[in-house]
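Colleague: Please see the structure below; I have some questions.
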């Protein structure tokens with residue numbers, strides 16, 4: 001069986017990206033594809049509305065319309081560092097215990113951006129192998145740097161695989177006088193830097209770093225294996241990137257930034273989904289406005305709503321035009337503004353709107 | 001039990017750190033606070049991490065008196081490292097080392113600490129001028145603020161320790177920095193905001209001075225809703241369309257009621273709550289500054 005197709009949804013905060021991703025997954029499942037929705041930064045509101053727990057276990061989404069075809073993975077960011085270490089050190093219990101007690105690790109555990117994405121991607125990689133999915137929709141964190149997680153496995157692998165680890169380990173030994181300083185003209189620069197670093201950071205940091213890296217080096221093979229699969233899924237032939245935007249200046253800046261960042265990574269957005277961008281009044285609004293005369297209160301409300309829609313549509317037209325010039329190859333899928341209270345109702349309405357556009361959003365390799 | 005008497009909001013510290021989850025309008029509120037400050041006291045600084053586009057856009061054309069500073073990670077590391085190593089040349093030598101480069105690229109806490117140190121330097125170089133900082137999105141921002149104390153704890157001594165200590169004492173400390181949290185009037189977002197307030201108070205021990213509830217929906221006319229309900233119940237040709245209108249208006253009413261209820265919860269807490277109304281298109285920082293002023297900020 002071949003790998004699943006992957007759609008990565010990226011965009012700034014507040015554009016309705018998580019809701020759109022869920023709607024996209026729902027639409028794919030509704031047309032018969034076995035689909036996994038992965039939310040990197042789970043919003044409790046949506047998870048709750050869809051009846052899915054925030055956990056690192058793949059869970060079926062209990063919606064009658066999709067039978068057992070829609071599944072969700074919403075890992076908790078606060079637990080990912082622990083999960084990551086458990087995965088890495090499954091065969092090295094002693095090293096695992098040392099790492100968990102390492103002060104540098106304790107300090108880094110909640111600051112280490114990218115680790116959560118990495119853990120989530122490892123879970124995705126497993127699901128891609130074992131879950132029998134046709135499509136995986138990945139909802140990235142709402143940040144301009146969300147796309148950077150694509151490169152994170154490689155950066156960490158470079159760090160662990162390069163000379164840095166042994167150099168730092170040696171630096172710790174030399175700083176404590178257990179090993180001789182390097183000799184020769186070539187090593188003069190390095191020796192100078194070592195001296196500077198040891199002076200600046202103090203012996204504790206150097207020792208903790210060296211210990212941590214020593215233990216990480218033990219599991220380097222495992223780390224590389226874990227991350228290779230994630231990289232294949234994110235950078236391979238079977239992936240498409242969808243940018244999600246809304247007609248606001250902040251969303252415009254974010255989507256252009258992300259398009260540039262994707263290009264720097266050698267990737268191209270497959271399509272742009274523009275939320276809150278209805279071109280026409282909703283059928284019900286038109287029916288009310290064109291029907292027999294209504295009372296002044298209702299007319300006033302309808303006028304106010306229409307004014308808001310026109311303001312959104314005008315902003316959306318401007319953004320569409322700009323995106324069309326900037327990303328001429330990327331189709332723009334415009335979605336209406338769905339104003340109802342229940343998040344699951346918004347997801348359902350948007351999935352209906354997305355249904356005709358699924359082939360526009362899926363990767364080519366099929 | 002009688003509720004504790006409301007204390008008037010304490011004045012803001014020299015550094016104002018604006019936090020909140022992505023998409024709540026943090027950048028616009030930060031720009032508005034800087035604009036308001038410049039209007040009131042003649043000068044203010046807006047610090048932004050990233051490419052500077054967002055802050056420039058949020059500030060718009062008329063931002064006289066606001067100095068807009070953009071800090072990138074690379075500059076921050078260079079800036080933070082220079083005093084550590086004694087000179088820019090030595091700092092460059094050390095940072096460009098074959099082993100240091102991948103380490104700095106993969107070790108995020110170093111960048112965060114360097115960014116905070118840059119903010120500390122900006123505040124220290126401008127006595128009497130308020131510095132408004134547009135912080136990164138929530139979870140990350142709290143972790144940022146903790147790096148200084150964590151670094152201080154495990155380094156114990158040396159120039160890096162001193163850097164962490166300086167940041168912890170002169171920036172991430174009560175009286176040095178005030179936290180302003182931006183949130184939205186939705187129940188679950190507000191619950192997360194309350195958690196954030198508690199988390200920041202626990203570690204690094206900073207009190208949230210102000211909560212800005214952004215995009216508070218203005219209720220549409222109740223009369224219009226009543227009429228739409230009647231039409232929906234009439235069973236006539238337009239009943240279905242009227243029912244759709246009712247659901248839109250009810251969603252809006254629920255949102256404004258939810259906002260009002262949440263406002264009460266926050267009003268019982270120690271921080272002042274400011275509201276900014278929902279605008280159909282982007283408000284400028286001056287619009288938001290005007291609304292904040294009406295809420296008692298100035």
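Colleague: Only one of these is free of Cβ contacts under 8 Å to residues at least 40 places away in the same chain, surrounded by fewer than 18 Cβ atoms within 10 Å (Cβ to Cβ) and either more than 30 Å from residue A:313 (Cβ to Cβ) or out of contact with any helix residue (DSSP H, G or I) (no Cβ under 9 Å at 6 or more places or on another chain) (or both): A:237, A:221. Name it.
Modeller: A:221
Colleague: Looking at B:157, B:199, B:178, which one is closer than 22 Å to residue B:15 by Cα and either at the interface with chain A (Cβ under 8 Å from one of its Cβ atoms) or in a strand (DSSP E or B) (or both)?
Modeller: Just a single option satisfies the conditions, and that option is B:178.
Colleague: Can you tell which of B:223, B:250 is assigned to a helix (DSSP H, G or I), over 13 Å from residue A:302 (Cα atoms), at the interface with chain A (Cβ under 9 Å from one of its Cβ atoms) and in contact with a helix residue (DSSP H, G or I) (Cβ under 9 Å, 6 or more places away or on another chain)?
Modeller: B:250
Colleague: For the list (1) touching a residue at least 12 places away in the same chain (Cβ under 8 Å); (2) in contact with a helix residue (DSSP H, G or I) (Cβ under 6 Å, 6 or more places away or on another chain); (3) over 30 Å from residue A:32 (Cα atoms), I need the number of the one condition that residue A:335 fails.
Modeller: Every listed condition holds for residue A:335 apart from (3).
Colleague: Could you tell me whether any residue of segment B:264-280 is in contact with a strand residue (DSSP E or B) (Cβ under 8 Å, 6 or more places away or on another chain), away from chain A (no Cβ under 14 Å) and in a helix (DSSP H, G or I)?
Modeller: yes
Colleague: Take segment B:204-220 and flag every residue that is within 14 Å of chain A (Cβ to nearest Cβ) and assigned to a loop (DSSP other than H, G, I, E, B).
Modeller: Hits for segment B:204-220 are B:204, B:217, B:218, B:219, B:220.
Colleague: Go through segment B:24-39 and report how many residues are surrounded by fewer than 24 Cβ atoms within 10 Å (Cβ to Cβ) and not in a helix (DSSP H, G or I).
Modeller: 0
Colleague: Something else about it: Can you tell which of B:148, B:228 is touching a helix residue (DSSP H, G or I) at 6+ places or on another chain (Cβ under 9 Å) and either assigned to a loop (DSSP other than H, G, I, E, B) or facing chain A (nearest Cβ under 9 Å) (or both)?
Modeller: Just one listed residue meets the conditions, B:228.
Colleague: Looking only at segment A:12-44, count every residue that is within 14 Å of chain B (Cβ to nearest Cβ), in a loop (DSSP other than H, G, I, E, B) and at negative phi and tell me the total.
Modeller: 7
Colleague: A further question on this structure: So, in segment B:37-62, of the ones that are touching a strand residue (DSSP E or B) at 6+ places or on another chain (Cβ under 8 Å) and more than 14 Å from chain A (Cβ to nearest Cβ), which residue ends up farthest from residue A:250 (Cα to Cα)?
Modeller: B:43
Colleague: Tally the residues that are part of a helix (DSSP H, G or I) and at pLDDT 95 or above, restricting the search to segment A:333-349.
Modeller: So the answer is 0.
The values are calculated or read from the model by the stated rules, or taken from the named source; none is laboratory data. This one's a predicted model, so the numbers in the text were calculated from it and none came from an experiment. Glycine gets a Cβ as well: all are built from the backbone with ideal geometry, and neighbour counts include every protein chain shown.
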